[in-house]
Amino acid sequence: MAAKETPQKIPGAPPPKPIPLKERATIIFVEKGQLDVIDGAFVLVDANGVRMHIPVGGLAAIMLEPGTRTSHAAVALAARAGTLLIWVGEAGVRLYASGQPGGARSDRLLWQCRLALDPDARLRIVRRMFQMRFGETAPERRSVDQLRGIEGARVRTIYDGLAKQFGVTWKRRKYDPGDWDVSDVPNRCLSAATSCLYGLTEAAVLAAGYAPAIGFLHTGKPLSFVYDIADIFKFETVVPEAFRIAGLHAKGRLSGHPDREVRIACRDAFRRTNLLSRLIPAIEDVLLAGDLPMPEAPEDAVGPAFADEAPTGDMGHRS
């Protein structure tokens, strides 16, 4: 009788388990290098072979700019660690693609869809987002379209006020995603700033188990729900920093390139406002305002073949 074979262990270190988003650093931008896994570590290798170690499991997202190549092993490690990889254009303005390490909760996705498809629930959610963004209750008996118009007028007023505060020549929000250089400096600073916020917010939406594309105020875009949630925090985090950097540039008091200085300022703003610990609770707060129960699985649905281990990260992380 043949002896029973001993199962072979997978070589190398065990796969990392995701840690909660609130315990991570925010985002980093990388360019002009090869992302790879060497000796079990996530590294960026430049043209001279110099390695820079990146603590992939401790980051919410990594923004990959032009000149970056990524190995299969690096993408797999980032996915297991629950870190979102986002391929962007110069200065993070144009989003080309993103990995999806989260969003693995069908019950939450179905609940999000139910809320988006119910007109009354959708209006309640939009009203709640308005309240969270402006600190006051939305006007009564207004449709979603009317609230959007009120919001737009307030946003323009805020832009004008920040431009005066920081000494920026401001006309209006205008930019061309296909031609970065055609925009003026204030618009370029705003685009760079909001791209940082969108990357972080997308990581939070996925970590919470929801779909970035199913929005309530925004619609028709792959990141509609990301825009909904990011707008709640935009004017207390990245927009003032964008105008501040644009103002320093206009006065000739900026030592570095505006795009880079905006990213650094946004990183500091995320840390100062403790944004990572607030994003997922805000997502839950917004959706609960819809006042519809989470759908239950059908009685005849086939459940899991075996129980998974208790997750160490957030609800949407695959672990």
With no solvent and one point on each alpha carbon, what is the Debye value of log10 I(q)/I(0) for segment 126-226 at q = 0.23, 0.25 Å⁻¹? -1.32, -1.31
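Given Cα pairs under 8 Å that are at least 6 residues apart, what percent is the relative contact order of segment 72-169?
After rounding, I find 12 percent.
For the chain, what's the relative contact order in percent, using C-alpha pairs closer than 8 Å and at least 6 residues apart?
Numbers: 523 pairs, mean separation 72.3, N = 319.
Worked out over the chain, it gives 23 percent.
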Take the alpha carbon atoms of segment 191-233, find their radius of gyration, then divide it by 2.2 N^0.38 Å using N residues; give the quotient. 1.02
Shape descriptors of segment 229-278 over alpha-carbon atoms, Rg and Dmax in angstrom, are 11.6, 36
Given the alpha-carbon gyration tensor of the chain, what are the semi-axes of its equivalent ellipsoid in whole angstrom, ordered largest first, with each equal to the square root of 5 times an eigenvalue? 36, 30, 14
Placing each pseudo-label 7 Å from Cα in the direction of the beta carbon, residue 137 and residue 268 end up separated by a distance in nanometres of 4.0 nm
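Please work out the average accessible area per residue across the chain, using the 1.4 Å probe convention, and give it in Å². Before the final figure, lay out the partial values.
Details: 17200 Å² over 319 residues.
Spelled out: the 1.4 Å probe surface of the chain, per residue, equals 54 Å².
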Return the sequence-ordered ³J(HN,Hα) values of segment 32-38 in whole Hz as given by the Karplus equation 6.51 cos²θ - 1.76 cosθ + 1.60 applied to θ = phi - 60°, using x for Gly and Pro. 6, x, 10, 7, 8, 10, 10
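Mind scanning 174/221; 171/251; 171/221; 22/164 and naming the pairs with a C-alpha gap bigger than 23 Å? Walk me through the numbers before you get to the answer.
Details: 174/221 19 Å; 171/251 18 Å; 171/221 26 Å; 22/164 35 Å.
From 174/221; 171/251; 171/221; 22/164, over 23 Å: 171/221; 22/164.
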Which residue, 53, 225, 273, has the largest displacement toward the positive end of the dipole of the chain when charges sit on each Cβ (Lys, Arg +1; Asp, Glu -1)? 273
Tell me, what % of the accessible area of the chain is carbon and sulfur with a 1.4 angstrom probe? 53 percent
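Could you order the peptides 254-262, 195-203 from most to least packed, using the average number of other C-beta atoms within 10 Å per residue? Don't skip to the end; give the middle numbers.
Details: 254-262: 16.6, 195-203: 27.2.
In descending order of packing, they fall as 195-203, 254-262.
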Most packed first (mean Cβ within 10 Å per residue), the peptides 20-27, 159-166, 208-215 order as 208-215, 20-27, 159-166
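Can you give the Rg to Rh ratio of segment 257-312, both from alpha-carbon atoms, with Rh computed by the Kirkwood formula? Let's see the in-between values first.
Working: Rg = 19.9 Å, Rh = 15.9 Å.
Computed over Cα atoms, the ratio is 1.25.
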How much of the DSSP bridge set in the chain is antiparallel, in percent, rounded to the nearest 5? 50 percent
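Using Cα pairs under 8 angstrom and six or more residues apart, how large is the relative contact order of segment 197-296, in percent?
Working: 80 pairs, mean separation 23.5, N = 100.
Once divided by the residue count of segment 197-296, the mean separation gives 23 percent.
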Those Cys residues of the chain for which no other cysteine Cβ falls under 4.7 Å: 113, 189
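Where does the chain land at 222 nm, in deg cm²/dmol rounded to the nearest 500, when only DSSP H runs of n ≥ 4 count, each adding -39500 (n - 2.57), divided by all residues?
-14000 deg cm²/dmol
Segment 99-163: which GluC sites (Glu not before Pro) are DSSP loop and have at most 15 other beta-carbon atoms within 10 angstrom? Walk me through the numbers before you get to the answer.
On the way: sites: 136, 140, 151; in loops: 136, 140.
Hits after loop and neighbour filter: 136, 140.
The values are calculated or read from the model by the stated rules, or taken from the named source; none is laboratory data. Worth saying up front: this structure is predicted, and the values here are computed from it rather than measured. Cβ atoms come from the backbone with ideal geometry, glycine included; neighbour counts cover every protein chain shown. Heads up: the accessible areas ignore ligands, DNA and RNA and are worked out on the full protein's heavy atoms, side chains in. Shrake-Rupley method; radii C 1.70, N 1.55, O 1.52, S 1.80 Å.
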